[in-house]
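Read through the structure below, which is laid out as structure tokens, and then see the notes.
The values are calculated or read from the model by the stated rules, or taken from the named source; none is laboratory data. This one's a predicted model, so the numbers in the text were calculated from it and none came from an experiment. Methodologically, a virtual Cβ is constructed for each residue, glycine included, from the backbone with ideal geometry; neighbour enumeration extends over all protein chains shown. Side chains are part of the model used for accessible areas, which takes the heavy atoms of the whole protein and leaves out ligands, DNA and RNA. Shrake-Rupley method; radii C 1.70, N 1.55, O 1.52, S 1.80 Å.
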Amino acid sequence: MMVILMKNDFFSYIDKYFNVHLVNEIEASNKTIDNYKYSFKLLFNYIEDNCSYKIQNFTLDKFTKDFILNFLSWTETDRNNSISTRNLRLASIKSFTSFIFQYEIDNSELIKIMKIPRKKDIKKKPDVVTEEEIKILLSQPNTKIKKGRRQLAILSLMYDAGLRIDELLSLKVKNINDQYFNTINVLHGKGNKQREIPISDDVSNILRIYINDYNLKEDDYLFSNSKKEKLCSNAIRKIINKNIKLAKKQDSNFPDKINPHKFRHSKATHLINKGVSVVEVKEFLGHVDLSSTQIYITTNLLQKREALKTIECKLNTPNNKIISVGSNEWLDNIIH
């Protein structure tokens, strides 16, 4: 149905922005659209909880610089959002504002909104786990059973390839190099750009066994649910938390919580500490801006090594053996 835009019709603009502009005119990624929708969902929640009028009575004349600044302040104070999250909400609003400005060129408030600066954020060193803690965590899945081998495949690949959780969940079997199993092709970012990531021989071996276990086909998601649908992020978190509980039985000082992104932070930090250049780590992670990678530089630069392959995380097993491809003999743990 064609949307007819009327002056000062805020919700008609919302409709056209999300259903036509983002989808057809600029072909934004699903992730971008979801992020923008969530920003406006929060904006509507803010109106309902903090304004004297009902959401259906919100009009474009109420969409002002002061209104947006108050909303952004609310995200920080009432919702305890970080500055980076606050800036993400601002980016969503500016995108929408830029869209409606083409219809409301006389609206001076829109210009003021577009000039709202991003809030400066002092980047902190990312919270990471040590290499020894990674070893402990990856030694927890029971690899005598298929379910345990699947858990190991998920955890080891997420760390070894430094993947974002959405990158991990979007992987299909065909994204793994089918000849050598030593690289994966990852889609990431705006426009689904692709980058190729090297993985260790051990993780390659783990994946090969896992794929054979579940008889996965080329077009199957690498990690899916019982309906062959893409696995959700909560399922990954449950797997992590389950193995954290096991790890704490082995080491009472083991971290209580490790979120999925901490695997990526940890891998990057370990690479930098091993002497891999910031530029190489930038390419490995798929960062657009080098400044995003520089936060991983630590003072521990004495441990210089020559290449990415130097960061190996070997798991010691009782028999000190490695599972061979195609073998039906499973050990207590897999050496990674």
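Lys242 - would you say it is at pLDDT 85 or above, basic (Lys, Arg) and over 15 Å from Leu168 (Cα atoms)? Against the criterion (at pLDDT 85 or above, basic (Lys, Arg) and over 15 Å from Leu168 (Cα atoms)), Lys242 qualifies.
Can you tell me which residues in region 201-232 are assigned to a loop (DSSP other than H, G, I, E, B) and either charged (D, E, K, R) or in contact (Cβ under 8 Å) with a residue 12 or more places away in the chain (or both)? Before you say what the answer is, go through the steps one by one.
To start, the set of residues in region 201-232 that are assigned to a loop (DSSP other than H, G, I, E, B) comprises 215-220, 222-223, 225-229, 231-232.
Of everything in region 201-232, those that are assigned to a loop (DSSP other than H, G, I, E, B) and either charged (D, E, K, R) or in contact (Cβ under 8 Å) with a residue 12 or more places away in the chain (or both) turn out to be Leu216, Lys217, Glu218, Asp219, Asp220, Leu222, Phe223, Lys227, Lys228, Glu229, Leu231, Cys232.
Cys232 fails exactly one of the following numbered conditions: (1) open to solvent by 40 Å² or more (accessible area, probe 1.4 Å); (2) at pLDDT 85 or above; (3) under 19 Å from Asp160 (Cα atoms). What is the number of that condition? So the condition that Cys232 fails would be (3).
Residue check: is Leu22 closer than 17 Å to Tyr103 by Cα and either aliphatic (A, V, I, L, M) or modelled with pLDDT of 95 or more (or both)?
Values: closer than 17 Å to Tyr103 by Cα: yes; either aliphatic (A, V, I, L, M) or modelled with pLDDT of 95 or more (or both): yes.
When the stated conditions are applied, Leu22 passes them.
Report whether or not Leu88 is open to solvent by less than 80 Å² (accessible area, probe 1.4 Å) and either modelled with pLDDT of 95 or more or touching a helix residue (DSSP H, G or I) at 6+ places or on another chain (Cβ under 6 Å) (or both). The answer is no for Leu88.
With respect to Lys41, is the statement that it is out of contact with any strand residue (DSSP E or B) (no Cβ under 7 Å at 6 or more places or on another chain), more than 15 Å from Phe67 (Cβ to Cβ), modelled with pLDDT of 90 or more and surrounded by fewer than 14 Cβ atoms within 10 Å (Cβ to Cβ) true? Even if it seems obvious, please write down each step before you answer.
Details: out of contact with any strand residue (DSSP E or B) (no Cβ under 7 Å at 6 or more places or on another chain): yes; more than 15 Å from Phe67 (Cβ to Cβ): yes; modelled with pLDDT of 90 or more: yes; surrounded by fewer than 14 Cβ atoms within 10 Å (Cβ to Cβ): yes.
Yes.
So, restricting to helices (runs of 4 or more DSSP H) that lie completely within region 7-122, which ones have at least 3 residues that are more than 30 Å from Asp166 (Cα to Cα) and in contact with a Ser or Thr (Cβ under 6 Å, 6 or more places away or on another chain)? I'd like the intermediate steps shown before the answer.
Details: elements: 10-16, 30-50, 65-77, 83-101, 108-114.
Per the criteria, 108-114.
Being more than 25 Å from the chain's Cα centre (by Cα) and on the phi < 0 side of the Ramachandran plot is true for just one of Asn81, Asn87, Asn50. Which residue is that? It would help to see each step written out before you state the result.
Working: Asn81 fails: more than 25 Å from the chain's Cα centre (by Cα); Asn87 fails: more than 25 Å from the chain's Cα centre (by Cα).
Testing whether each residue is more than 25 Å from the chain's Cα centre (by Cα) and on the phi < 0 side of the Ramachandran plot leaves just Asn50.
Identify all residues within region 91-148 that are among the hydroxyl-bearing types (Ser, Thr, Tyr), more than 26 Å from Glu25 (Cα to Cα) and surrounded by 20 or more Cβ atoms within 10 Å (Cβ to Cβ); write none if there are none. I'd like the intermediate steps shown before the answer.
Filtering region 91-148 for residues among the hydroxyl-bearing types (Ser, Thr, Tyr) gives 92, 95, 97-98, 103, 108, 130, 139, 143.
Retained after the next criterion (residues that are more than 26 Å from Glu25 (Cα to Cα)): 130, 139, 143.
Selection gives Ser139, Thr143.
Would you say Phe223 is among the aromatic types (Phe, Trp, Tyr), at pLDDT below 90 and open to solvent by less than 40 Å² (accessible area, probe 1.4 Å)? No: the conditions fail for Phe223. Hey, any hits in region 252-263 for a residue that's part of a helix (DSSP H, G or I), at pLDDT 75 or above, under 19 Å from Ser200 (Cβ atoms) and open to solvent by less than 60 Å² (accessible area, probe 1.4 Å)? Yes, region 252-263 contains at least one residue that is part of a helix (DSSP H, G or I), at pLDDT 75 or above, under 19 Å from Ser200 (Cβ atoms) and open to solvent by less than 60 Å² (accessible area, probe 1.4 Å).
Residue-level check: of (1) touching a residue at least 24 places away in the same chain (Cβ under 8 Å); (2) surrounded by 12 or more Cβ atoms within 10 Å (Cβ to Cβ), Asp61 misses just (2). Looking only at residues in region 13-38 that are among the basic types (Lys, Arg) and closer than 23 Å to Thr64 by Cβ, the one that is most open to solvent (accessible area, probe 1.4 Å) is Lys37.
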